[in-house]
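In what follows, a single structure is set out as structure tokens and then discussed.
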Amino acid sequence: KQEVTQIPAALSVPEGENLVLNCSFTDSAIYNLQWFRQDPGKGLTSLLLIQSSQREQTSGRLNASLDKSSGRSTLYIAASQPGDSATYLCAVESDSWGKLQFGSGTQVVVTP
Amino acid sequence: NAGVTQTPKFQVLKTGQSMTLQCAQDMNHEYMSWYRQDPGMGLRLIHYSVGAGITDQGEVPNGYNVSRSTTEDFPLRLLSAAPSQTSVYFCASSPYRRGNTDTQYFGPGTRLTVL
């Protein structure tokens, strides 16, 4: 059974510092991995989706890498801002039916 | 486009009561799903649908029913609410190609408390 882990559960950094968020999964047979952002009391917003054949995806200050063989993905957020404060969730799709397996998230606080 | 909408936003039920959580999307997505989110845990899949008339169970289906009569709507029914069903419920949708699902779009959630 696929298990997805995100460590640490919480992270606090000063504004301007680069953020590094980790996601690990136990079964390397995945179709894709997605990173989501969740603000308090709100739904999830998709940040990046990496297909299994890709090594990384970039969008603005965000860059996500995928290493299937080691079961790891890393989300980098450059030059963090207070507006980046949120919970970041990773999810893997391991079968062909669109079902996502989520990690429990990393809560990020960026202090001014 | 309104995207994925969910109603109600908040609901309090007594043990044994039944209710339906509504989910609708206006993006003509074939794939829709329901997740629950509990403190300290990631989202867990309850039920999903790959098109009108087709539904299947996810990881935690017990106590919930779904049906999909139209592409737009995917209601989640709680048959007899229990305190263990206190959670935040999210509906999601996406275009669907088997084996290569696109980004999933999530609704704002319904916060349910069962007393």
Can you give the % of DSSP beta bridges in the protein assembly as shown that are antiparallel, to the nearest 5?
-> 90
In 5 Å bins starting at 0, how do the alpha-carbon pair distances of region B:1-55 split up by percent?
-> 4, 13, 19, 25, 21, 11, 5, 0
Average beta-carbon neighbours from other chains, 10 Å sphere, peptide A:98-110 = 5
Hey, can you grab everything whose amide H is under 5 Å from the amide H of residue B:3? Only 5+ residues off in sequence or another chain; H modelled, so Pro and N-termini drop out.
-> B:26
Report the label-to-label distance for residue B:86 and residue A:56 in nanometres (one decimal), using points 7 Å from each Cα along the Cα→Cβ vector.
-> 4.5
Looking only at other chains, what is the average number of their beta-carbon atoms within 10 angstrom of each beta-carbon in A:37-45?
-> 4
Could you give the accessible area per residue of region B:34-98, probe 1.4 Å, as a whole number in Å²?
-> 42
Quick note, region A:28-68: a/c under 1.5 would make it rounded; otherwise a/b > b/c is prolate and the rest oblate (a ≥ b ≥ c, C-alpha gyration tensor); here it is oblate
How large, in percent, is the carbon and sulfur part of the accessible surface of region A:1-76 at a probe radius of 1.4 Å?
-> 46
So what J values fall out for region A:100-112 if you push phi through Karplus, 6.51 cos²θ - 1.76 cosθ + 1.60 with θ = phi - 60°, rounded to Hz, Gly and Pro as x?
-> 9, 10, 9, x, 8, x, 10, 8, 10, 10, 10, 8, x
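What does the convex hull of the Cα atoms of region A:29-112 come to per residue, in Å³, rounded to a whole number? Don't skip to the end; give the middle numbers.
Values: hull volume 8.1 nm³, N = 84.
So the per-residue hull volume is 97 Å³.
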Once the Cα gyration tensor of the protein assembly as shown is diagonalised, what are the square roots of 5 times its eigenvalues, in whole Å and ordered largest first, as equivalent ellipsoid semi-axes?
-> 29, 21, 16
Å² per residue, accessible surface of region A:25-112 at 1.4 Å | 42
Can you tell me what the convex hull of the Cα atoms of chain B projects to on average, as an area in nm²?
-> 6.7
Counting only protein heavy atoms with a 1.4 Å probe and every protein chain in place, the carbon and sulfur fraction of the accessible surface of region B:44-115 in whole percent equals 49
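Compute for chains B and A the buried accessible surface, both sides summed, probe 1.4 Å, and express it in Å² to the nearest 100. Please list the in-between numbers first.
On the way: alone 6140 and 6080 Å², together 10350 Å².
Summed over both sides, the interface buries about 1900 Å².
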Alpha-carbon centroids, region B:35-75 and region A:55-112: separation in whole Å = 24
Kindly count the pairs of lysines across the protein assembly as shown whose alpha carbons are less than 27 Å apart, treating pairs on different chains or eight or more residues apart as eligible.
-> 7
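The values are calculated or read from the model by the stated rules, or taken from the named source; none is laboratory data. Since the structure is predicted, the reported quantities are computational estimates derived from the model, not experimental observations. When we count neighbours, we look across all protein chains shown, and the Cβ atoms used for this are built from the backbone with ideal geometry, even at glycine. For the accessible areas, the whole protein counts, side chains as well, though only heavy atoms, and no ligand, DNA or RNA atoms are used. Shrake-Rupley method; radii C 1.70, N 1.55, O 1.52, S 1.80 Å.
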